[in-house]
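The values are calculated or read from the model by the stated rules, or taken from the named source; none is laboratory data. Here the structure is a predicted model, which means the values were calculated and not measured. Cβ placement follows ideal geometry from the backbone for every residue including glycine, while neighbour counts extend to all protein chains displayed.
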Amino acid sequence: MKLTDSGQKVSSVRWRLVLASTTMLFVELALIRWAGANVVHLSYFSNFILLGSFLGIGIGFLIPAARGQWLKRWTPIPLALLVIFVRAYPVQVRQSSSEVIYFTAVKTTGLPQWVTLPAIFLLTAVIMAGIGKITADLFRQLPSLDAYRYDLLGSITGSVSFAVLSWLRAPSVVWGVLAAVALLILGGRRNTLFYGVPLAAMVAALFLETTTAGISWSPYYKIELKSSPTTTRTFYISANGVPHQSTAPLPVLMRENSPYRQAYDQTPSNPHKRVLIIGAGNGNDVAVALAHGAERVDAVEIDPRLQEIGAQLHPARPYDDPRVHVHIDDGRAFLERTNAKYDLIILALPDSLTLVSGASNLRLESYLFTRQAFEAARDHLTPDGAFAMYNYYRKSWLVDRFAGDLDDLYGHAPA
């Protein structure tokens, strides 16, 4: 019986360690993504939450086993406080700003940045210290190599599970429920009530966010959709608190000097029969291509939710047209895989508003703005084809850099 009991205890510790490590990585990734979706600074400086997590996990592992038990019991409280605090004091870009300078033209709801950001950092560190302490105490109950093995298994499980939920576009309340259940299991029966109240408050706050009209999640963003107060045919799309896209009726898109029609105005002899649009978004560029007589439009958009919004709400209904072929894909990857030739290729305002990882300054669209990407576009043009790109570049040095690359690759300066 003693051997059996000992084996069962070891097995229980192993799987609790897997759950603790899974929870640690899952909560860390959820905080990085969720905080960045509600506090615009953190979309661009995701290392901020990452460093707070590392600090907290390190503290949790450094505390000796016989000390700091209070930290484990209090873990759900700072987690609930962080969620409620961020929901109460989000930071967004001002909708009325003509200059998208993300860290000055922001809209807060009561607290200055020098209060909001340190509070988030400290709460993150305390949360992760508590989960780290739970993990460390289980870690010490096993032989080192055995503990490392199950800790690694849990880390991989936490990372993969959150990636799958993001890919499935699960809302934030799902993340909260899963984290709450895991913490309740790890807290044990004695702490059920002490854990249950703050965790219920956290889930309730995330439930209110999830059920707010116009809020949805894509694999990349928290999407907020609002209708125009002046017309029922225009919708404004914000991503992670930043004004991102808007739908517009075709007459508005076709106005003189509209950026959507300049590629066609500049190439009057081009037949524009086959058009590739990279960054098709909600469909404005697609609608303009169809209006100019395109016989086939390949619309490439990396974010499925943005394309869905266009398919459902764009007044011109461009995605309903049988001439349009939608590709939910990265633009550079699409160029590398296709053998098609196009009369016109448009790099249509790709702006991901988010970093690829917290360890770099690369954004999702960074690889579209390289000499290799411009060359790939050139190789997919018909003999009389044209390549167009537009964006709010703002800085002359950036315009000069792109213009220089295009001049070298295409043999003449851009129009």
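Scan segment 71-86 for residues that are surrounded by fewer than 23 Cβ atoms within 10 Å (Cβ to Cβ) and either polar (S, T, N, Q) or under 15 Å from PRO118 (Cα atoms) (or both) and jot them down.
PRO78, LEU81, LEU82, PHE85, listed by residue number.
What pairs come up if the first residue lies in segment 343-358 and is over 19 Å from TYR393 (Cβ atoms) and acidic (Asp, Glu), the second is surrounded by 19 or more Cβ atoms within 10 Å (Cβ to Cβ) and modelled with pLDDT of 90 or more, and their beta carbons are under 6 Å apart, counting only those six or more places apart or on different chains?
Sorted first by the residue in segment 343-358, then by its partner, the pairs are ASP343/HIS272; ASP343/ARG274; ASP343/GLY385.
Just to verify a result, which residue in segment 241-296, among those that are free of Cβ contacts under 8 Å to residues at least 40 places away in the same chain and charged (D, E, K, R), is farthest from GLY214 (Cα to Cα)?
ASP265
Among (1) of a type outside the set (Asp, Glu); (2) crowded, with 21+ Cβ neighbours inside 10 Å; (3) free of Cβ contacts under 8 Å to residues at least 60 places away in the same chain, there is one condition THR211 misses while meeting the rest; what is its number?
(2)
Answer yes or no as to whether TYR148 is more than 15 Å from GLU28 (Cα to Cα) and crowded, with 17+ Cβ neighbours inside 10 Å. Explain how you work it out, then say what you get.
Values: more than 15 Å from GLU28 (Cα to Cα): yes; crowded, with 17+ Cβ neighbours inside 10 Å: no.
No; evaluated as a whole, the condition is false for this residue.
Just need a number here: residues in segment 133-151 that are assigned to a helix (DSSP H, G or I), free of Cβ contacts under 8 Å to residues at least 60 places away in the same chain and not basic (Lys, Arg). Reasoning before the result, please.
Start the filter on segment 133-151 by keeping residues that are assigned to a helix (DSSP H, G or I), which leaves 133-139, 144-151.
Subsequent filtering for residues that are free of Cβ contacts under 8 Å to residues at least 60 places away in the same chain retains 144-145, 148-149.
When the remaining residues are screened for being not basic (Lys, Arg), the result is 144-145, 148.
Going through segment 133-151 one residue at a time, the tally reaches 3.
Any residue at all in segment 125-136 that is under 26 Å from THR212 (Cβ atoms), surrounded by 14 or more Cβ atoms within 10 Å (Cβ to Cβ) and modelled with pLDDT of 95 or more?
Of segment 125-136, the ones under 26 Å from THR212 (Cβ atoms) are 127.
Still in the running and surrounded by 14 or more Cβ atoms within 10 Å (Cβ to Cβ): 127.
Still in the list and also modelled with pLDDT of 95 or more: 127.
Within segment 125-136, one or more residues are under 26 Å from THR212 (Cβ atoms), surrounded by 14 or more Cβ atoms within 10 Å (Cβ to Cβ) and modelled with pLDDT of 95 or more.
It is to be established whether one or more residues within segment 264-274 are surrounded by fewer than 24 Cβ atoms within 10 Å (Cβ to Cβ), under 25 Å from ALA239 (Cα atoms), small (Gly, Ala, Ser) and assigned by TED's automatic domain parsing to the domain that holds ILE328. Write out each step before concluding.
If we filter segment 264-274 for residues that are surrounded by fewer than 24 Cβ atoms within 10 Å (Cβ to Cβ), which is where we start, we get 264-274.
Checking the rest, the ones that are also under 25 Å from ALA239 (Cα atoms) come to none.
No, that holds for no residue.
Test of understanding: among SER53, SER11, SER43, SER21, which residue is free of Cβ contacts under 8 Å to residues at least 24 places away in the same chain and either touching a Phe, Trp or Tyr at 6+ places or on another chain (Cβ under 6 Å) or in a helix (DSSP H, G or I) (or both)?
Details: SER53 fails: free of Cβ contacts under 8 Å to residues at least 24 places away in the same chain; SER43 fails: free of Cβ contacts under 8 Å to residues at least 24 places away in the same chain; SER21 fails: free of Cβ contacts under 8 Å to residues at least 24 places away in the same chain.
Of SER53, SER11, SER43, SER21, the one residue that is free of Cβ contacts under 8 Å to residues at least 24 places away in the same chain and either touching a Phe, Trp or Tyr at 6+ places or on another chain (Cβ under 6 Å) or in a helix (DSSP H, G or I) (or both) is SER11.
Taking ARG87 as the residue in question, decide whether it is closer than 30 Å to PRO229 by Cβ, at pLDDT below 95 and not hydroxyl-bearing (Ser, Thr, Tyr). I'd like the intermediate steps shown before the answer.
Details: closer than 30 Å to PRO229 by Cβ: yes; at pLDDT below 95: yes; not hydroxyl-bearing (Ser, Thr, Tyr): yes.
Taking the combined requirement at face value, the residue satisfies it.
Give me the strands (runs of 3 or more DSSP E) completely within segment 285-349, filtered to those with at least 2 residues that are buried (at least 23 other Cβ atoms within 10 Å of the Cβ) and out of contact with any Pro (no Cβ under 6 Å at 6 or more places or on another chain), ordered by residue number.
Result: 296-301, 342-348.
What are the residue pairs meeting all of these: first residue in segment 298-311, first residue outside the structural domain of ALA170 (by TED's automatic domain parsing) and over 17 Å from SER227 (Cα atoms), second residue in a helix (DSSP H, G or I) and among the polar types (S, T, N, Q), Cβ atoms under 7 Å, and 6 or more apart or on different chains?
What qualifies is GLU301/GLN307.
Starting from residues that are within 23 Å of TYR220 (Cα to Cα) and β-branched (Val, Ile, Thr), keep the ones in segment 39-61 and report whichever is modelled with the lowest pLDDT.
So the residue we want is VAL40.
How many residues does segment 235-263 hold that are of a type in the set (Phe, Trp, Tyr) and over 18 Å from LEU313 (Cβ atoms)? Spell out the reasoning first.
Step one: of segment 235-263, the residues of a type in the set (Phe, Trp, Tyr) are 235-236, 260.
Now drop any that are not over 18 Å from LEU313 (Cβ atoms), which leaves none.
Number of matching residues: 0.
So, restricting to strands (runs of 3 or more DSSP E) that lie completely within segment 199-278, which ones have at least 2 residues that are among the polar types (S, T, N, Q) and within 19 Å of GLN92 (Cα to Cα)?
242-246
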